[in-house]
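Visitor: Handing you a structure now.
The values are calculated or read from the model by the stated rules, or taken from the named source; none is laboratory data. This one's a predicted model, so the numbers in the text were calculated from it and none came from an experiment. Note that each Cβ is placed from the backbone with ideal geometry, even for glycine, and that neighbours are counted across all protein chains shown.
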């Protein structure tokens, strides 16, 4: 079974009725909980047992829908840009433990807690999206508690197919009005609130005073989310994913979302590593890899992390 030495199957009373989950624990005590429903990270806690991901108090914790929070996997469609259900079907399917995984070429597996999952299309999936694929997902914690997700999607079809993708990451923040994003300045973005009109970011940093739903295109591979009140910075690294989606529903939209609390927009911010503007196309036998790593560091140390090259 493809699980690191700090991982184990677990049932959590806080997720009663939820699908079977895998608990990852780093050597220094950070944890991540992964639901086999959706291959979704539903909790990520640091070594002080502070929850770093947001989950709505109204979240539905059992199939068939994805849980509102954590990190849902959006595949083979992001948003409504296609003929499938919103954000595709991967987040609503049961994944399996990948017992025949191929090496992911991590250089430090010995210090990581990890689990390997796999998703293949069902007969129902093939009716609505007639393409055979193998989606392998490794979720891991470093010894310092950094969370990483590595997706490998292979075309085992006889013809090419295209897809869009996102790690729909719900970060837990103290107050959305006290948060800013650095790393997306001067970039073009598609505004989903105005029919995907293209604009250029004008601010020195992104701050929040109203609803935001944007796709920043061709974005850097390192982005920082600064939470002033918690004196915490999320450092987001991505690879193979050219875009960054920023979303907060604000007050009016929150009241329209059934599984989201009216005031919960204040406690979360979605910053997604994504391939949203242009689809990814795989020819038969080709494989695509998309990586995400999220670190949570004291804000005074964030510049050290932003200066480090590479990912994972």
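Visitor: Does segment 122-136 contain at least one residue that is modelled with pLDDT of 95 or more, out of contact with any helix residue (DSSP H, G or I) (no Cβ under 8 Å at 6 or more places or on another chain), closer than 22 Å to residue 51 by Cα and not in a loop (DSSP other than H, G, I, E, B)?
Guide: Within segment 122-136, not a single residue is modelled with pLDDT of 95 or more, out of contact with any helix residue (DSSP H, G or I) (no Cβ under 8 Å at 6 or more places or on another chain), closer than 22 Å to residue 51 by Cα and not in a loop (DSSP other than H, G, I, E, B).
Conditions tested, residue by residue: (1) in contact with a strand residue (DSSP E or B) (Cβ under 8 Å, 6 or more places away or on another chain); (2) assigned to a loop (DSSP other than H, G, I, E, B); (3) farther than 24 Å from residue 67 by Cα; (4) modelled with pLDDT of 95 or more.
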residue: 153; (1), (2), (3), (4): yes, no, no, yes
residue: 158; (1), (2), (3), (4): no, yes, yes, no
residue: 165; (1), (2), (3), (4): yes, no, no, yes
residue: 189; (1), (2), (3), (4): yes, no, yes, yes
residue: 214; (1), (2), (3), (4): yes, no, no, yes
residue: 220; (1), (2), (3), (4): no, yes, yes, yes
residue: 226; (1), (2), (3), (4): yes, no, yes, yes
residue: 230; (1), (2), (3), (4): no, yes, yes, no
residue: 236; (1), (2), (3), (4): yes, no, no, yes
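Visitor: Mind listing just one residue for me: the one in segment 191-212 that is more than 18 Å from residue 273 (Cα to Cα) and not in a loop (DSSP other than H, G, I, E, B) and, of those, nearest to the chain's Cα centre (by Cα)?
Guide: 193
Visitor: Residue check: is residue 116 within 20 Å of the chain's Cα centre (by Cα), touching a residue at least 12 places away in the same chain (Cβ under 8 Å), closer than 27 Å to residue 26 by Cα and not in a strand (DSSP E or B)? Please lay out each step first, then the result.
Guide: Working: within 20 Å of the chain's Cα centre (by Cα): yes; touching a residue at least 12 places away in the same chain (Cβ under 8 Å): yes; closer than 27 Å to residue 26 by Cα: yes; not in a strand (DSSP E or B): no.
No, not satisfied.
Visitor: Could you check how many residues of segment 130-158 are farther than 22 Å from residue 241 by Cα and buried (at least 20 other Cβ atoms within 10 Å of the Cβ)?
Guide: Result for segment 130-158: 1.
Visitor: Taking the residues in segment 48-66 that are under 22 Å from residue 227 (Cβ atoms) and in contact with a helix residue (DSSP H, G or I) (Cβ under 9 Å, 6 or more places away or on another chain) as candidates, determine which candidate is modelled with the highest pLDDT. Lay out the reasoning, then the answer.
Guide: Step one: filter segment 48-66 for residues under 22 Å from residue 227 (Cβ atoms), giving 48-57, 59.
Imposing the further condition that a residue be in contact with a helix residue (DSSP H, G or I) (Cβ under 9 Å, 6 or more places away or on another chain) reduces the set to 54, 56-57.
Numbers: 54: 97, 56: 94, 57: 90.
Here the answer is 54.
Visitor: Something else: Hey, among 127, 143, which residue is over 27 Å from residue 42 (Cβ atoms) and out of contact with any strand residue (DSSP E or B) (no Cβ under 7 Å at 6 or more places or on another chain)?
Guide: Working: 143 fails: over 27 Å from residue 42 (Cβ atoms).
Result: 127 is the single residue among 127, 143 that is over 27 Å from residue 42 (Cβ atoms) and out of contact with any strand residue (DSSP E or B) (no Cβ under 7 Å at 6 or more places or on another chain).
Visitor: Pairs please, first residue from segment 74-96 and on the phi > 0 side of the Ramachandran plot, second anywhere and in a loop (DSSP other than H, G, I, E, B) and surrounded by fewer than 15 Cβ atoms within 10 Å (Cβ to Cβ), Cβ atoms under 8 Å, 6+ apart in sequence or on different chains.
Guide: 79/86
Visitor: Tell me which of these residue 265 doesn't satisfy, since it passes every other one: (1) assigned to a loop (DSSP other than H, G, I, E, B); (2) crowded, with 16+ Cβ neighbours inside 10 Å; (3) touching a helix residue (DSSP H, G or I) at 6+ places or on another chain (Cβ under 9 Å).
Guide: The one condition residue 265 does not meet is (1).
Visitor: Using the structure shown, decide if residue 78 is in contact with a strand residue (DSSP E or B) (Cβ under 9 Å, 6 or more places away or on another chain), surrounded by 16 or more Cβ atoms within 10 Å (Cβ to Cβ) and in a strand (DSSP E or B). Reasoning before the result, please.
Guide: On the way: in contact with a strand residue (DSSP E or B) (Cβ under 9 Å, 6 or more places away or on another chain): yes; surrounded by 16 or more Cβ atoms within 10 Å (Cβ to Cβ): yes; in a strand (DSSP E or B): no.
Answer is no for this residue.
Visitor: Continuing with the same structure: When segment 29-44 is examined, which residues are found to be buried (at least 19 other Cβ atoms within 10 Å of the Cβ) and either without any contact (Cβ under 8 Å) to a residue 24 or more places away in the chain or part of a loop (DSSP other than H, G, I, E, B) (or both)? Please lay out each step first, then the result.
Guide: Let us first name the residues in segment 29-44 that are buried (at least 19 other Cβ atoms within 10 Å of the Cβ), namely 30-44.
Residues satisfying the conditions are 30, 33, 36, 38, 39.
Visitor: Condition first: touching a helix residue (DSSP H, G or I) at 6+ places or on another chain (Cβ under 8 Å), surrounded by 15 or more Cβ atoms within 10 Å (Cβ to Cβ) and either part of a helix (DSSP H, G or I) or at pLDDT below 95 (or both). Can you find one or more residues in segment 269-283 that meet it? Outline the logic, then answer.
Guide: Filtering segment 269-283 down to residues touching a helix residue (DSSP H, G or I) at 6+ places or on another chain (Cβ under 8 Å) leaves 269.
Those left that are additionally surrounded by 15 or more Cβ atoms within 10 Å (Cβ to Cβ): 269.
This time we only want the ones that are either part of a helix (DSSP H, G or I) or at pLDDT below 95 (or both), so: none.
For segment 269-283, residues touching a helix residue (DSSP H, G or I) at 6+ places or on another chain (Cβ under 8 Å), surrounded by 15 or more Cβ atoms within 10 Å (Cβ to Cβ) and either part of a helix (DSSP H, G or I) or at pLDDT below 95 (or both): absent.
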